[in-house]
Amino acid sequence: MDAGTWLWAILLLPAPAAGLAALLRSPAAVLRAACAGVLATAAVAWVASARVLSAGALRAGGGWLSLDALSAFHLSVLTLIYALSSLFALVYFGEEIRAGTLRLRAARRFAALWLGSLAAMSLVLVSENLGLMWVGIEATTISTAFLICVHPEARSLEATWKYLLICSVGVAFAFMGTLLLAASTERVPLGGGGTLGWGRLLESAASLDPGTVKAGFLFLLVGYGTKVGLAPLHGWLPDAHSQAPAPVSAIFSGFMLNTALYCILRTLPIAEAATGRVGWASDLLLGFGGLSVVVAAAFIVTQHDLKRLLAYHSVEHLGIIALGAGLGRAGVFAALLHTLNHALCKALGFFCAGRLGQLYGTHDMRQIAGSLRGAPAWGGGLLASFLALIGAAPFAIFLSELLILRAAIERGSVLAALAFLAGAGIVFAGALRHAIAMAWGDLPAGARREAPSPLSAALVLGPLAALLLLGIWVPGPLREALESAADLVEAPR
Amino acid sequence: MTSGADAVLAGVAVTNFWLLGASRLGHSIRVTAAQGILLGFLPLLAAGADGGALSLRVLALVAASVLLKGLLFPRLLFRGIREASIRREIEPYVGFTTSLVLGLVLLAVSLGIGTRLPLPHRPVSTLAVPIALFTMLSGLFLIVSRRKALTQVLGYLVLEDGIYAFGVLAVGEIPLLVEFGVLLDAFVAVFAMGIAIHRIHREFDHIDADRLKVLRG
């Protein structure tokens, strides 16, 4: 198969699956079709990523599409989380189909939006052009907005509106940033292929206009940062994460935020090279990251809603990833490892929280107790994901956080290290209290019990095993992939 | 042709003040449409000033933006008012007089920043960057200071107008895909917001964004 065909296949495969889903006559069959479409796309994406690792970047579409180490890594994590969440959607919506609350129309709408969002996020990752990347983010915003209100009710509509408005303004800012970067190429003889290809921008970064690049990067950071949920731009995030159905929350938190952060990672080396590699752009990222960690910690302590709690954990961890990305080569490596760890862990967390929410009829943590006895798979998974999220050893997040802390100390960023330690410390104490109370204690009267099924056990044990394994050993090919991805963000000197 | 661009930009500034002081919803929709049409003709003036011939591409861009902003959006918005039978007053958080005074402050700030911003490409008109910034800031202010979901959509459109003006006048060559991208963006966003408003209205019987405040903390 021709190299470029892989990239087109990733973008186009969701379409026939969505078409099939629109023709099927039962909600369960519609969901299975969507799941099959996602799994097929994921398989193609993994094969393509493996080829990138062995044979270098793929290109297609006259230079508009490309897949290199950085985007291949993000694409594999995206499709992994999407595949897991699609399987979980069968469990989660299966319950609603039995209860008669998910009808055919809603299931079809969900399938179309679910597959559309996958294609939109893939477009962001495989485009070799800042303009096309921006179109992908815009499409992602619109298609995911209506995934929040699969069940249109007061709260989910409120969350949809906030998400749509705040992120549209963010995306508009990102467009302004893209325009400014285009303006900065005025004195560069770029010629054909579009002035916004980031490969070209990076090659000729030294001759870009530094002042305009600075203004452009600021707009891009604020615009895409809104979508990442970096404090203080995170206003929409807890609402959207808590009101969306659990499989959607898992995608939001597990990877959609990282898609926007990926756009910032792409422009970071351009901004650094154009401003003379003095760490101007990295420091900005460092500032936003540190602030996010501290702000999230404050909200985590006072939270009572389980899914909102997990949402603030996303603000914290995306802050940690941004922090790492601003800390030079070692920090970028750790940040990318953290991206994988956080995605796995947060998907697991939202799976368990969503299913427990269905069993207990509430997401209020004060009314959830004894989950280890009532639903061993989900209760145990939630406890484990909390332990992993707060950075307890030997889970993988402990390792990547340690690497980020080391990068901060080696670089002499005392303030970043302090913000990170303070935030992590508060989160550790605050979240552990909730986790223990939900796992043990007496089962409330109204709560249902559920014996583990093979699928639910696999959905919990799979990510958990990966998190434990990655905590003690990073396999050779993964290390290699992360190294070459990190080189693209921060070239070794 | 520079004087033509100057006149259009001055007109845009006037529409911004008009919107800041407007108390009727229908009126605001019409003024926003007028602003969109004014800006729609900018690519013609910009192309003329650069001495280039009017290409088919420029004409297509002008036609698309005038049709979209001058005809389609107002229609969608007026239909929104009728369907949701909204009260026609704007109900601001910040009074109209205060809004106008703040508008003056925003204009001064934009002139201050806009004339100092070091752009490698000399804009078609010296007013281009300041007025684009002023329009963006007015849009943002309208979003945060007005109560109805529909007025927030208008604010978003004004913000997009500002970015469009900047893109057309202050950036040299940008790919066609991106030029149409911003129009597509405005269209899709307004469309999506329209659907959301429709659903909110069906569920709540009102579209006051300030009453959407169950979710906190």
Within chain A, helix-based [θ] at 222 nm, where runs of 4 or more DSSP H residues each add -39,500 (n - 2.57), nearest 500: -26000 deg cm²/dmol
On average, how many beta carbons from a partner chain sit within 10 Å of the beta carbon of a residue in B:16-28? 0
Hey, how many Å between the Cα centroid of region A:203-235 and the Cα centroid of region A:271-320? 15 Å
Pairs A:Lys162/A:Lys214; A:Lys227/A:Lys307; A:Lys346/B:Lys148: which are spaced more than 25 Å apart, C-alpha to C-alpha? A:Lys162/A:Lys214; A:Lys346/B:Lys148
Taking the Cα centre of the protein assembly as shown as the origin, how large is its charge dipole in debye, to the nearest 20, when only Lys and Arg (+1) and Asp and Glu (-1) carry charge on their Cβ atoms? 1460 debye
Output needed for region A:65-124: three equivalent-ellipsoid semi-axes, defined as square roots of 5 times the C-alpha gyration tensor eigenvalues, in descending order, whole Å. 29, 13, 4
Evaluate Rg over Rh across region A:1-128, taking Cα atoms for both radii and Kirkwood's formula for Rh. 1.04
How large are Rg and Dmax for region A:115-244 when calculated on the C-alpha trace, in angstrom? 16.6, 54
Pairwise label distance in nanometres, A:Leu468 with A:Leu39, each label 7 Å out on the Cα-Cβ vector: 2.5 nm
Label-point separation, A:Arg449 to B:Arg82 (7 Å along Cα→Cβ), nm: 6.0 nm
If you line up the long axis of helix A:14-23 against the longest principal axis of chain A, both from Cα atoms, how many degrees apart are they, to the nearest 10? 40 degrees
Quick one: Kirkwood hydrodynamic radius for region A:289-493, alpha-carbon pairs, angstrom, one decimal? 17.4 Å
Using alpha carbons only, how many angstrom separate the centre of region B:90-140 from the centre of region A:390-463? 46 Å
Label points 7 Å out from Cα along the Cβ direction at A:Asp2 and B:Arg24: separation in nm? 6.0 nm
Any idea what diffusion coefficient chain A gets from Stokes-Einstein, in µm²/s, Kirkwood Rh on alpha carbon pairs, 4 °C, 1.567 mPa s? 58 µm²/s
Using only Cα atoms, tell me the angle between helix A:154-183 and the longest principal axis of chain A; keep it within 0 to 90° and round to the nearest 10. 10 degrees
A 1.4 Å probe over the protein heavy atoms gives region A:1-128 a carbon and sulfur accessible-area percentage of 67 percent
Positive end of the dipole of region A:1-127, charges at C-beta (+1 Lys, Arg; -1 Asp, Glu), about the Cα centre: which of A:Leu123, A:Ala42, A:Pro14 has its Cα farthest in that direction? A:Pro14
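The values are calculated or read from the model by the stated rules, or taken from the named source; none is laboratory data. Just so you know, these numbers come straight off a predicted model, no measurement behind them. As a convention, Cβ positions derive from the backbone with ideal geometry for all residues, glycine included, and neighbour counts pool all protein chains shown. Remember, those area values only see protein heavy atoms, side chains included, never the ligands or the DNA or RNA. Shrake-Rupley method; radii C 1.70, N 1.55, O 1.52, S 1.80 Å.
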